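A.B. asks: Just dropping this structure here.
The values are calculated or read from the model by the stated rules, or taken from the named source; none is laboratory data. Since this is a predicted model, take the numbers as computed values, not measurements. All Cβ positions, even for glycine, are placed from backbone atoms using ideal geometry, and neighbour counts span all protein chains on display.
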Amino acid sequence: MDSLNSLIDKLEATSHLTKDEWIALIEHRDEESAWYLFEKARKWQHRYFGNRIYTRGLIEFTNYCKNDCYYCGIRRSNQKAERYRLTKEQIMECCQSGYDLGFRTFVLQGGEDGWFSQEKLEEIVLEIRKNYRDCAITLSLGERSKESYQRLFHAGADRYLLRHETADPRHYQSLHPEELSSENRKQCLWNLKEIGYQTGTGFMVGSPGQTPAQLAEDLLFIRRLEPQMVGIGPFVPHHDTPFAKEKGGTVELTLFMTGLLRVMLPSLLLPATTALGTIDPTGREQGILAGANVVMPNLSPVSVRKKYELYDNKICTGDEAAECRSCLNRRMESIGYQLVIDRGDYSSQGAAAGNERSKDKCMM
Ligand code: SAM
Ligand code: FES
């Protein structure tokens, strides 16, 4: 449809759409507009990153969680989840094998597990920083106080991932118990940015009750926040959660949202997520062709991988595994891209890009 393409043109030219324009684009998207969008997304992806795909080694170090998000397989009420925690030594071993495999960013992700006190977390970050000076340390530990974020930054962490999940407070409340709020989640993100972290947010596509209006809110929020990274993946039901019987998100809508994000903020770090690779064996390749530029293979010890089950059938072996970096590289090469050994810092990419969009202050 011509009007859809002209909205995509407007997005490309200004990196702004109104809420109604976002809704129209998402609601009426079709195959033709998706192709038009992905072509533009790849154009910007190539201008900023060439055919380079950044890798992050994901260490899922605890699946204990004090929260009870209705969608999540490791929520505290799931009595069937087999819980585990990695020791500091195990985490360091993951980093060493990751480093040997060519990873220069480690992502420490876990449930909100009070056993890992502030002091313990700082010790882990300090130890990684001391041993791997050339690597970036990304944390994904959920909601914490500003002081805690500040201290972890001081210890050597550079980046933090915290998806806002959905920008609409009422929708947020329908996905979470009362003690969690959209307002606090967003405040955490503003705090992280203020401290100086390279900050990542994101949301699930197709979470129960989600409408185009809520996706529009997500894009408007991301435009305001100007994060350095955005992780989006389809919602995938988990059989032992209140959302076991809900419908999952689709590859098609996830790809469309990926393309919109790339055209809106061309220098974003945008992962082709595990959830996308879980619902479609070629999901990550399709994600890259829609504008994504990061993959995050699993570096956790093989013995615990299946236990970090956020949703059903989450992939954790084969090309998803960090040991299979060369298989993943072959898959990327088959679509014209290559994995790089590089921290893949946001600022250096922006500086290297040099094109007309970089004059816009939001891009840097
Ligand atoms: N505790 C940290 C936090 O809250 O950010 C990190 C772990 S949390 C489990 C990581 C992300 O997994 C969440 O932000 C959520 O978007 C995603 N996730 C959880 N359950 C999911 C599901 N059923 N389908 C797809 N993604 C899911
Ligand atoms: Fe752990 Fe949601 S259940 S963060």
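A.B. asks: Residue under question is Ser97, and the condition is that it be away from ligand 2 (no atom under 16 Å from the Cβ) and not acidic (Asp, Glu); does it hold?
C.D. replies: So Ser97 passes the test.
A.B. asks: Pairs needed: first member in segment 61-74, within 16 Å of Ala275 (Cβ to Cβ); second member anywhere, within 6 Å of ligand 2 (Cβ to nearest atom) and of a type in the set (D, E, K, R); C-beta distance under 9 Å; at least 6 residues apart or different chains.
C.D. replies: The qualifying pairs are Cys69/Arg75.
A.B. asks: Just for helices (runs of 4 or more DSSP H) wholly inside segment 61-157: which have at least 1 residues that are aromatic (Phe, Trp, Tyr) and away from ligand 1 (no atom under 14 Å from the Cβ)?
C.D. replies: Result: 88-101, 146-155.
A.B. asks: Still on this structure, I have one more. Among the residues of segment 180-190, is there at least one that is more than 16 Å from ligand 2 (Cβ to nearest atom), among the basic types (Lys, Arg), in a helix (DSSP H, G or I) and touching a helix residue (DSSP H, G or I) at 6+ places or on another chain (Cβ under 8 Å)?
C.D. replies: The answer is no; no qualifying residue exists.
A.B. asks: May I ask you to say which residue of Leu260, Leu265, Leu276 is surrounded by 22 or more Cβ atoms within 10 Å (Cβ to Cβ), within 16 Å of ligand 1 (Cβ to nearest atom) and modelled with pLDDT of 95 or more?
C.D. replies: Leu276
A.B. asks: Considering every residue within segment 226-242, establish whether at least one is within 14 Å of ligand 1 (Cβ to nearest atom), touching a Pro at 6+ places or on another chain (Cβ under 6 Å) and not in a helix (DSSP H, G or I).
C.D. replies: yes
A.B. asks: Which one of these is surrounded by 15 or more Cβ atoms within 10 Å (Cβ to Cβ) and within 17 Å of Leu270 (Cα to Cα): Leu180, Leu219, Leu175?
C.D. replies: Leu219
A.B. asks: Sticking with this structure for a sec: Name the pairs whose Cβ atoms lie under 8 Å apart, with the first residue in segment 168-180 and without any contact (Cβ under 8 Å) to a residue 12 or more places away in the chain, the second within 15 Å of ligand 2 (Cβ to nearest atom), and 6 or more positions between them or separate chains?
C.D. replies: Correct list of pairs: Gln173/Ser181; Gln173/Ser182.
A.B. asks: Oh, and also: What residue, among those in segment 158-170 that are part of a loop (DSSP other than H, G, I, E, B) and among the hydrophobic types (A, V, I, L, M, F, W, C), is surrounded by the fewest Cβ atoms within 10 Å (Cβ to Cβ)?
C.D. replies: Among them, the one singled out is Ala167.
A.B. asks: Looking for something modelled with pLDDT under 95, in a loop (DSSP other than H, G, I, E, B) and of a type outside the set (S, T, N, Q) - is there at least one such residue anywhere in segment 352-362?
C.D. replies: Yes, there is a match, as at least one residue in segment 352-362 is modelled with pLDDT under 95, in a loop (DSSP other than H, G, I, E, B) and of a type outside the set (S, T, N, Q).
A.B. asks: Separate question: Kindly indicate which of Ile8, Ile23, Ile53 is of a type in the set (Val, Ile, Thr), surrounded by 13 or more Cβ atoms within 10 Å (Cβ to Cβ) and either more than 15 Å from Ala290 (Cβ to Cβ) or modelled with pLDDT under 95 (or both).
C.D. replies: After applying the criteria, what remains is Ile23.
A.B. asks: May I pose another question? Among the candidates Ser140, Ser148, single out the residue that is modelled with pLDDT of 95 or more and closer than 26 Å to Phe235 by Cα.
C.D. replies: Testing whether each residue is modelled with pLDDT of 95 or more and closer than 26 Å to Phe235 by Cα leaves just Ser140.
A.B. asks: Step by step: first the residues of segment 191-216, then only those that are within 16 Å of ligand 2 (Cβ to nearest atom) and of a type in the set (S, T, N, Q), then the one that is surrounded by the fewest Cβ atoms within 10 Å (Cβ to Cβ). Which residue is that?
C.D. replies: Ser207
A.B. asks: Out of segment 112-138, which residues are within 14 Å of ligand 2 (Cβ to nearest atom) and touching a strand residue (DSSP E or B) at 6+ places or on another chain (Cβ under 6 Å)?
C.D. replies: Asp113
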